[in-house]
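Participant: A single structure is presented below for examination.
The values are calculated or read from the model by the stated rules, or taken from the named source; none is laboratory data. Note that the coordinates shown come from a computational prediction; the quantities given were computed from them, not determined experimentally. Cβ: placed from backbone, ideal geometry, glycine included. Neighbour counts: every protein chain shown.
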Amino acid sequence: MRYDEEMGEALALARRAAAAGDVPVGALVIDTATGTVIGRGCNTREVDGDPLAHAEIIAMREAAESRGDWNLADCTLVVTLEPCPMCAGACLQTRIGTIVFGAWDAKLGACGSIWDIPRDPHVGHEPEVHGGVRESECAALLAAFFAAKR
Ligand SMILES: [Zn+2]
């Protein structure tokens, strides 16, 4: 399936977060035309003590920095968990062209589950959204992390 390989790399980043005690979410930003990875991130809330340090934000910042341009319209965000409202909002700010995610988030999902920020009619730009890529692996990683915490 499309984006399977990229999701594999995002999963590896998510495992890195879990190893550091953070919720296992990993993200990549890819140049859509070439497939080159230009940003990587994983949750670092615990490690950095930063409540806003979500994988998507870190990956998009790195991508913008590497390009010297904040506009990521020709880029694709690949993330293991459906973006939350903050990250979906950040996707609007970067004008990311495509959002690909793994597991759906029934509590805080903002790309179709609870809210649908990218496709809100008030928003002028509309990224393409693909959910459920390697969904079971992404969800299993999160489930295992939270089971171990209990
Ligand atoms: Zn988020």
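Participant: Checking residue 28 against (1) in contact (Cβ under 8 Å) with a residue 24 or more places away in the chain; (2) over 19 Å from residue 91 (Cβ atoms), only one condition comes out false. Which one?
Facilitator: (2)
Participant: Taking segment 19-52, which residues are surrounded by fewer than 18 Cβ atoms within 10 Å (Cβ to Cβ), small (Gly, Ala, Ser) and farther than 16 Å from residue 75 by Cα?
Facilitator: 19, 20, 21, 49
Participant: Would a scan of segment 83-97 turn up a residue that is over 9 Å from the mean Cα position of the chain (by Cα) and away from the ligand (no atom under 15 Å from the Cβ)?
Facilitator: Checked segment 83-97: at least one residue is over 9 Å from the mean Cα position of the chain (by Cα) and away from the ligand (no atom under 15 Å from the Cβ).
Participant: Another question about this same structure. Hand me the list of helices (runs of 4 or more DSSP H) wholly inside segment 2-84 holding 3 or more residues that are aliphatic (A, V, I, L, M).
Facilitator: By residue number, 4-19, 55-67.
Participant: Follow-up question, since we're still on this one. Which number in (1) in contact with a strand residue (DSSP E or B) (Cβ under 7 Å, 6 or more places away or on another chain); (2) within 12 Å of the ligand (Cβ to nearest atom) marks the one condition that residue 10 misses?
Facilitator: Against the list (1) in contact with a strand residue (DSSP E or B) (Cβ under 7 Å, 6 or more places away or on another chain); (2) within 12 Å of the ligand (Cβ to nearest atom), residue 10 comes up short only on (2).
Participant: Taking the conditions exactly as written (away from the ligand (no atom under 14 Å from the Cβ) and closer than 21 Å to residue 111 by Cβ), does residue 58 satisfy them or not?
Facilitator: No: the conditions fail for residue 58.
Participant: Kindly indicate whether residue 139 is crowded, with 16+ Cβ neighbours inside 10 Å and without any contact (Cβ under 8 Å) to a residue 60 or more places away in the chain.
Facilitator: yes
Participant: From 16, 95, grab the single residue that is basic (Lys, Arg), at negative phi and either at pLDDT below 95 or surrounded by 14 or more Cβ atoms within 10 Å (Cβ to Cβ) (or both).
Facilitator: The unique qualifying residue is 16.
Participant: Something else now. Mind checking which residues of segment 99-126 are touching a residue at least 12 places away in the same chain (Cβ under 8 Å) and either surrounded by fewer than 20 Cβ atoms within 10 Å (Cβ to Cβ) or assigned to a loop (DSSP other than H, G, I, E, B) (or both)? Spell out the reasoning first.
Facilitator: As a first pass, look at segment 99-126 and keep what is touching a residue at least 12 places away in the same chain (Cβ under 8 Å): 99-105, 108-113, 115, 117-118, 123, 125.
Passing the criteria: 104, 105, 108, 109, 110, 112, 113, 115, 117, 118, 123, 125.
Participant: OK, next. Just give me the residues in segment 24-55 being among the aliphatic types (A, V, I, L, M), within 12 Å of the ligand (Cβ to nearest atom) and out of contact with any strand residue (DSSP E or B) (no Cβ under 7 Å at 6 or more places or on another chain), in sequence order. Working first, answer last.
Facilitator: Going residue by residue through segment 24-55, those that are among the aliphatic types (A, V, I, L, M) are 25, 27-30, 33, 37-38, 47, 52-53, 55.
Checking the rest, the ones that are also within 12 Å of the ligand (Cβ to nearest atom) come to 25, 27, 52-53, 55.
Once the filter is applied, which keeps residues that are among the aliphatic types (A, V, I, L, M), within 12 Å of the ligand (Cβ to nearest atom) and out of contact with any strand residue (DSSP E or B) (no Cβ under 7 Å at 6 or more places or on another chain), segment 24-55 yields 52, 53.
Participant: Also, quick follow-up: Quick check, is residue 89 under 27 Å from residue 36 (Cα atoms), in contact with a Cys (Cβ under 9 Å, 6 or more places away or on another chain) and outside any loop (DSSP other than H, G, I, E, B)?
Facilitator: So residue 89 fails the test.
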